[in-house]
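Student: Mind having a look at this structure? Questions to follow.
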Amino acid sequence: MRAPLPGMKKATAIIHAAPALGAAFVQYTAEFEAGGSLGPASTQRFVYVLSGKLKVLGKTLGPDEYAYLPVGEEPVVAVRAARASVIEKPRESLCGSPASAPFIGNGNSIVPQPLMGDPWAEVRTLIPATDLNFDFAVNTMTFQPGGSLPMVEVHVMEHGLQMLSGGGIYRLGDHWYSVSAGDFIWMGPYCPQWFGAIGKTPAKYLIYKDWNRHPL
């Protein structure tokens with residue numbers, strides 16, 4: 001279901017994950033008419049363009065481009081009809097460290113890294129994973145047909161996962177699900193998880209996790 005969030009203009013949201021579900025963050029797909037915009041946010045915000053054009057930090061961003069905003073008060077305005085994946089999370093300061101400066105990036109310009117040495121599964125890191133100022137990470141994962149995660153993962157981090165293209169099979173606990181572009185998965189802490197790509201084209205997804213903070 002679609003519902004606009006406070007402050008949105010000529011835009012609406014499909015909320016995928018939120019504290020009401022048990023998540024410690026919010027992730028939604030924002031759909032903009034031309035000239036539409038997001039409302040301000042008191043938390044940090046990450047915006048990943050899915051389609052169309054958005055103006056953020058004075059730059060026009062297209063598909064696979066993104067912006068990190070330490071406090072979501074920077075305007076996010078649609079140059080034309082657009083869709084974006086938006087993540088919002090209260091920041092956990094580390095020993096009083098200040099938030100990082102806002103920045104924009106292009107996922108296509110990031111050199112992919114093979115996952116644990118496997119060239120059939122590639123990772124692009126959108127937020128600097130080694131910078132302790134960031135308390136969450138966002139990556140894209142691309143799997144060639146037949147590529148998969150090397151193991152069933154179980155860990156304390158939660159995930160928000162949005163399928164961008166292609167498809168495959170996702171194991172969650174003891175259940176197996178067919179997934180394709182447009183699907184969203186929230187994975188709570190310690191949920192056993194595994195993915196394998198099927199079909200004739202690569203599978204790609206955007207994935208969030210909490211990061212760089214002690215579980216306590």
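Student: Within the range 161-173, can one find any residue that is open to solvent by 60 Å² or more (accessible area, probe 1.4 Å) and either in contact with an Asp or Glu (Cβ under 9 Å, 6 or more places away or on another chain) or modelled with pLDDT of 95 or more (or both)? Walk me through how you get there before you give the answer.
Tutor: Going through the range 161-173, the residues open to solvent by 60 Å² or more (accessible area, probe 1.4 Å) turn out to be none.
Taking every residue of the range 161-173 in turn, none turns out to be open to solvent by 60 Å² or more (accessible area, probe 1.4 Å) and either in contact with an Asp or Glu (Cβ under 9 Å, 6 or more places away or on another chain) or modelled with pLDDT of 95 or more (or both).
Student: Oh, and also: Looking only at the range 76-100, which residues are open to solvent by 60 Å² or more (accessible area, probe 1.4 Å), under 19 Å from the mean Cα position of the chain (by Cα) and farther than 16 Å from Ser51 by Cα?
Tutor: Scanning the range 76-100 gives Pro90, Arg91, Glu92.
Student: Count, please, the residues in the range 39-56 that happen to be closer than 14 Å to Leu69 by Cβ and open to solvent by 20 Å² or more (accessible area, probe 1.4 Å).
Tutor: Within the range 39-56, residues that are closer than 14 Å to Leu69 by Cβ and open to solvent by 20 Å² or more (accessible area, probe 1.4 Å) number 4.
Student: Still on this structure, please answer the following. Of everything in the range 118-156 that's of a type in the set (S, T, N, Q) and surrounded by 13 or more Cβ atoms within 10 Å (Cβ to Cβ), which residue is farthest from Ala67 (Cα to Cα)? Quick ask: steps written out before the conclusion?
Tutor: Taking the range 118-156 and keeping what is of a type in the set (S, T, N, Q), we get 125, 130, 133, 139-140, 142, 144, 148.
Within this subset, residues satisfying the condition of being surrounded by 13 or more Cβ atoms within 10 Å (Cβ to Cβ) are 125, 133, 139-140, 142, 144, 148.
Numbers: Thr125: 13, Asn133: 16, Asn139: 13, Thr140: 14, Thr142: 20, Gln144: 27, Ser148: 28 Å.
Out of the qualifying residues, it is Ser148.
Student: Which of the residues belonging to the range 3-39 are in contact with a His (Cβ under 8 Å, 6 or more places away or on another chain) and either closer than 14 Å to Glu158 by Cα or at pLDDT below 95 (or both)? Please lay out each step first, then the result.
Tutor: Here is the first cut: in the range 3-39, the residues in contact with a His (Cβ under 8 Å, 6 or more places away or on another chain) are 27-29.
Within the range 3-39, Gln27 is the sole residue that qualifies.
Student: Still on this structure, please answer the following. For Gln193, all conditions in the list (1) open to solvent by 50 Å² or more (accessible area, probe 1.4 Å); (2) more than 16 Å from the chain's Cα centre (by Cα); (3) closer than 18 Å to Ala23 by Cα hold save one; what is the number of the exception?
Tutor: It fails just one condition, (1).
Student: Please determine, by comparing only the residues of the range 59-70 that are of a type outside the set (Gly, Ala, Ser) and within 17 Å of the chain's Cα centre (by Cα), which one is most open to solvent (accessible area, probe 1.4 Å). It would help to see each step written out before you state the result.
Tutor: So in the range 59-70, the residues of a type outside the set (Gly, Ala, Ser) come out as 59-61, 63-66, 68-70.
Among the residues that remain, those that are also within 17 Å of the chain's Cα centre (by Cα) are: 61, 63-66, 68-70.
Working: Leu61: 7, Pro63: 64, Asp64: 37, Glu65: 43, Tyr66: 11, Tyr68: 1, Leu69: 0, Pro70: 29 Å².
Applying the filter and picking the extreme gives Pro63.
The values are calculated or read from the model by the stated rules, or taken from the named source; none is laboratory data. Here the structure is a predicted model, which means the values were calculated and not measured. Note: ideal-geometry Cβ built from the backbone for every residue, glycine included; neighbour counts use all protein chains shown. Accessible surface areas use protein heavy atoms only, side chains included; no ligands, DNA or RNA. Shrake-Rupley method; radii C 1.70, N 1.55, O 1.52, S 1.80 Å.
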